[in-house]
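Inspection log for the structure reproduced underneath, given as structure tokens.
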Amino acid sequence: MALDVSELQTIEHDVLVIGAGGAGLRAAIACSGQKLDTGVISKSLLGKAHTVMAEGGMAAAMGNVDPRDNWKIHFRDTMRGGKFLNVWRMAELHAKQAPDRVRELEDWGAVFDRTKDGLISQRNFGGHRYPRLAHVGDRTGLELIRSLQDHGIHQGIDFHMEVTALELLKDGDRISGVLAYRRETGRFVVFRCKAVILSTGGGGKAWPVTSNSWEYTGDGIAMAYDAGAELMDLEFTQFHPTGMVWPLSVRGILVTEGVRGDGGILKNNQGERFMFNYISERFAPETAATVEEAHRWLEGDKNARRPPELLTRDEVARAITAEVKAGRGSPHGGVFLDIASRRPADFIKRKLPSMYHQFKELAEVDITREPMEVGPTLHYFMGGIRVDADSQQTTVPGLFACGECAAGLHGANRLGGNSLSDLIVFGKLAGDGAKAYIQALPTTPRVDGDQITSAIRRATEILNRAEGENPYLLHARLEETMARGVGIVRTKNELETAVAELEDLKVRARTMKAPGASQYNPGWHEALAMRSLLVTSEAVTRAALMREESRGAHTRLDHPDENPEGLTYNVIVKKAADGRMETEKRRRPDGPPHLVAIANAKIEDLEAGKLGTAAPST
Ligand code: MEZ
């Protein structure tokens, strides 16, 4: 029977934002604040986003706790943490604009912890030279979402909850809308718009142990890829060093880096503070060499260097993995994280209230008295959709991306706390970029009925075939493949096996079957999400195979060192004309000399303003 697309519900906006985490909300506020009719669709209920998993804070060089901090030192830390693969301009924009974005949040009602002088308080985090993370206890992401939601709703943004985007619609090369469906009723909805902003996060649900919740299936990355956009840096997947390992039902849930930032230490089953054995050459000059020095740092001695627990996440996650592999792990396959012996109970309850409750309720552990058991958990994609640094436009006209689904800011490894500041800096820039694009559009793009019909057929054939593959079983198989072949450490053989398994899963996924009708059908939702998970996982795996070196979060046991050639390219993934996935090493532009000088400068010179004034100017 022919489909009559004119019967479908059609909703018009100037801009449609897909995803209601911090980046999407900030982008929507930028659009509606500039008089664009703005809609936001969210797969889940408003307020439920991976943003809330950034618990410990947002990084911004405000210098409230240590006045030596400035944007140049934040920029330098970000580049060093990203192993210099970051997009220079994005790291510059981020470091310069983050403080204003944080202050603006405060104006919109965010209630930050304060210093004794009444300023926004800032805490230490891995890879950040100074206390830099503006925070609200260990619930910073939640407060960010709450403040943005409140502001956005009052600004008149239209929210469409429990609506999942399926495909991007195009008029020629340009974006013209989105086909989506309502999860509750299964009904399709056509959104007509002049620009789309993707802010859909990463695809952590391809791994069995992850801090990501069910929504994070790489939808935006897969939709952009299908629409012809280029992807970049997907080989860099971040394993946060500290997730819960026990009980099994909550394995992977995040244990904020704020625990280590506030003094927590890591120990193996011999009681040894093992991180001192894993200080790499790059970070040795700024890391405490002895327990005594680390102790002096905790006591506030400004001449003492930072403890090795505050090395970057890639380094700490690898160290924990090595300890467990060497048989020095905790009973449930992690290591011990101890704050109880370092800080008084009232401090822990005040600064880390969620951690206190999380362990008390889920693991029956009182963290003010006992150590926690923790281990790495897949937390974040550094790579994603390739965007222009200033406008956040992808390689498809009218398609913008910001936040975790966009690539560039973090290079090979993200510093903790740089994600919340990423969301608010680049969310705003994406909104501004969409406004400029729409202003220059000669005509309103048209939506194409045939494209909608074939997208609906692709979605409904999962319901309509008599029998086929079970999407839940395919998802479980995908998780096994990614855990075995594309984990913290990788080899050519394992990656090749993973590619072969993914090819097999792709074939099987073509005949997925979800029994029942389209209303309230979780099996159907799962099958639709599997399509995105497979595209994203394949892109990660193929990119990881192509990068034959170890850099940041990408560790190849068969290529254990950084290779200078690795700095000269990014791995780009795109869809070839015949539908195959294509990977390419694309030459990176050289860094602008003024930024290269800052990234390589001595800290003392930056503190003393020797490389020019540290005042930000865009
Ligand atoms: O940026 C993050 O991922 C973050 C702040 C996480 C955390 O440990 O709290």
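The values are calculated or read from the model by the stated rules, or taken from the named source; none is laboratory data. Quick caveat, the model's predicted, so the values are computed rather than measured. For neighbour counting, all protein chains shown are included, and Cβ atoms are generated from backbone atoms with ideal geometry for every residue, glycine included. Accessible surface is based on the protein model in full, side chains and every heavy atom, while ligands, DNA and RNA are left aside. Shrake-Rupley method; radii C 1.70, N 1.55, O 1.52, S 1.80 Å.
If a residue must be within 16 Å of the ligand (Cβ to nearest atom) and either under 15 Å from Glu162 (Cβ atoms) or modelled with pLDDT under 95 (or both), how many such residues does segment 22-49 contain?
Step one: list which residues in segment 22-49 are within 16 Å of the ligand (Cβ to nearest atom), which gives 22-23, 26, 49.
Those still in the list that are either under 15 Å from Glu162 (Cβ atoms) or modelled with pLDDT under 95 (or both) too: 49.
Summing the residues that are within 16 Å of the ligand (Cβ to nearest atom) and either under 15 Å from Glu162 (Cβ atoms) or modelled with pLDDT under 95 (or both) in segment 22-49 gives 1.
What helices (runs of 4 or more DSSP H), lying completely within segment 271-361, carry at least 1 residues that are free of Cβ contacts under 8 Å to residues at least 60 places away in the same chain and more than 23 Å from Thr555 (Cα to Cα)? Outline the logic, then answer.
Details: elements: 291-298, 313-325, 345-351.
So the answer is 291-298, 345-351.
Which residues, counting only those in segment 573-592, are among the β-branched types (Val, Ile, Thr) and within 11 Å of Tyr225 (Cα to Cα)?
Filtering segment 573-592 down to residues among the β-branched types (Val, Ile, Thr) leaves 573, 583.
Across segment 573-592, the qualifying residue is only Val573.
Which numbered condition in (1) assigned to a loop (DSSP other than H, G, I, E, B); (2) open to solvent by less than 10 Å² (accessible area, probe 1.4 Å); (3) within 16 Å of the ligand (Cβ to nearest atom) is the only one that Thr217 fails?
(3)
Quick check on segment 50-67: of everything there that is of a type in the set (A, V, I, L, M, F, W, C) and within 13 Å of the ligand (Cβ to nearest atom), which residue is farthest from Glu184 (Cα to Cα)? Before you say what the answer is, go through the steps one by one.
So in segment 50-67, the residues of a type in the set (A, V, I, L, M, F, W, C) come out as 52-54, 58-62, 65.
Within this subset, residues satisfying the condition of being within 13 Å of the ligand (Cβ to nearest atom) are 52-54, 58-60.
Details: Val52: 24, Met53: 26, Ala54: 29, Met58: 34, Ala59: 38, Ala60: 40 Å.
That would be Ala60.
Which of (1) touching a strand residue (DSSP E or B) at 6+ places or on another chain (Cβ under 6 Å); (2) away from the ligand (no atom under 16 Å from the Cβ); (3) in the same structural domain as Ala340 (by TED's automatic domain parsing) does Leu231 not meet, given it meets every other one?
(3)
Go through segment 9-35 and give me each residue that's part of a loop (DSSP other than H, G, I, E, B) and either within 17 Å of Gln393 (Cα to Cα) or not assigned by TED's automatic domain parsing to the domain that holds Cys193 (or both).
Let us first name the residues in segment 9-35 that are part of a loop (DSSP other than H, G, I, E, B), namely 13-14, 19-21, 33-35.
Asp14, Gly19 - these are the residues of segment 9-35 that are part of a loop (DSSP other than H, G, I, E, B) and either within 17 Å of Gln393 (Cα to Cα) or not assigned by TED's automatic domain parsing to the domain that holds Cys193 (or both).
What is the residue count in segment 46-70 for residues that are open to solvent by less than 20 Å² (accessible area, probe 1.4 Å), over 17 Å from the mean Cα position of the chain (by Cα) and β-branched (Val, Ile, Thr)?
So the count comes out to 0.
Pick out the one residue from Gly258, Gly252, Gly263 that is within 15 Å of the ligand (Cβ to nearest atom), open to solvent by less than 10 Å² (accessible area, probe 1.4 Å), out of contact with any Leu (no Cβ under 7 Å at 6 or more places or on another chain) and modelled with pLDDT of 95 or more. Lay out the reasoning, then the answer.
Working: Gly258 fails: out of contact with any Leu (no Cβ under 7 Å at 6 or more places or on another chain); Gly263 fails: out of contact with any Leu (no Cβ under 7 Å at 6 or more places or on another chain).
Testing whether each residue is within 15 Å of the ligand (Cβ to nearest atom), open to solvent by less than 10 Å² (accessible area, probe 1.4 Å), out of contact with any Leu (no Cβ under 7 Å at 6 or more places or on another chain) and modelled with pLDDT of 95 or more leaves just Gly252.
Condition (residue is among the acidic types (Asp, Glu) and farther than 24 Å from Glu286 by Cα) applied to segment 553-570: is it met by at least one residue? Before you say what the answer is, go through the steps one by one.
As a first pass, look at segment 553-570 and keep what is among the acidic types (Asp, Glu): 558, 561-562, 565.
Checking the rest, the ones that are also farther than 24 Å from Glu286 by Cα come to 558, 565.
Yes, there is a match, as at least one residue in segment 553-570 is among the acidic types (Asp, Glu) and farther than 24 Å from Glu286 by Cα.
Go through (1) modelled with pLDDT of 95 or more; (2) open to solvent by 50 Å² or more (accessible area, probe 1.4 Å) one by one and return the number of the condition Ile153 breaks.
So Ile153 meets the others, but not (1).
Taking Gly523 as the residue in question, decide whether it is in contact with an Asp or Glu (Cβ under 7 Å, 6 or more places away or on another chain) and in a helix (DSSP H, G or I). I'd like the intermediate steps shown before the answer.
Values: in contact with an Asp or Glu (Cβ under 7 Å, 6 or more places away or on another chain): no; in a helix (DSSP H, G or I): yes.
Taking the combined requirement at face value, the residue does not satisfy it.
Assess whether Val425 counts as being in the same structural domain as Arg313 (by TED's automatic domain parsing) and touching a residue at least 40 places away in the same chain (Cβ under 8 Å).
The answer is no for Val425.
Does Glu538 satisfy the criteria of being open to solvent by less than 30 Å² (accessible area, probe 1.4 Å) and modelled with pLDDT of 95 or more?
Numbers: open to solvent by less than 30 Å² (accessible area, probe 1.4 Å): yes; modelled with pLDDT of 95 or more: yes.
Taking the combined requirement at face value, the residue satisfies it.
In segment 228-237, which residues are open to solvent by 10 Å² or more (accessible area, probe 1.4 Å) and part of a loop (DSSP other than H, G, I, E, B)? Give the derivation first.
Going through segment 228-237, the residues open to solvent by 10 Å² or more (accessible area, probe 1.4 Å) turn out to be 228, 230, 232.
Of everything in segment 228-237, those that are open to solvent by 10 Å² or more (accessible area, probe 1.4 Å) and part of a loop (DSSP other than H, G, I, E, B) turn out to be Gly228, Glu230.
What is the one condition in (1) surrounded by fewer than 24 Cβ atoms within 10 Å (Cβ to Cβ); (2) within 14 Å of the ligand (Cβ to nearest atom); (3) among the charged types (D, E, K, R) that Arg80 does not satisfy?
(2) is the only condition that Arg80 fails.
Of the residues that make up segment 170-177, is at least one touching a residue at least 60 places away in the same chain (Cβ under 8 Å) and touching a helix residue (DSSP H, G or I) at 6+ places or on another chain (Cβ under 8 Å)?
The answer is yes; a qualifying residue exists.
Go through (1) within 21 Å of Arg132 (Cα to Cα); (2) in contact with a Leu (Cβ under 9 Å, 6 or more places away or on another chain); (3) part of a loop (DSSP other than H, G, I, E, B) for Leu415 and report which single condition fails.
(2)
Tell me, please, whether a residue that is open to solvent by less than 30 Å² (accessible area, probe 1.4 Å), within 16 Å of the ligand (Cβ to nearest atom) and in contact with a strand residue (DSSP E or B) (Cβ under 8 Å, 6 or more places away or on another chain) can be found in segment 458-466.
No: zero hits.
Just the residues that are of a type in the set (Gly, Ala, Ser) and open to solvent by 40 Å² or more (accessible area, probe 1.4 Å), please, taken from segment 285-305. Break it down stepwise before answering.
Taking segment 285-305 as the starting set, the residues that turn out to be of a type in the set (Gly, Ala, Ser) are 288-289, 294, 300, 304.
Those that are of a type in the set (Gly, Ala, Ser) and open to solvent by 40 Å² or more (accessible area, probe 1.4 Å): Ala289, Gly300.
Show the residue pairs that are 6+ apart or on different chains and have beta-carbon atoms under 6 Å apart, the first residue being within segment 44-60 and on the phi > 0 side of the Ramachandran plot, the second being within 12 Å of the ligand (Cβ to nearest atom) and open to solvent by 20 Å² or more (accessible area, probe 1.4 Å).
From residues that are on the phi > 0 side of the Ramachandran plot, there are no pairs.
Quick one: in segment 546-571, of everything that is crowded, with 21+ Cβ neighbours inside 10 Å and aliphatic (A, V, I, L, M), which residue is nearest to the chain's Cα centre (by Cα)?
It comes out as Ala553.
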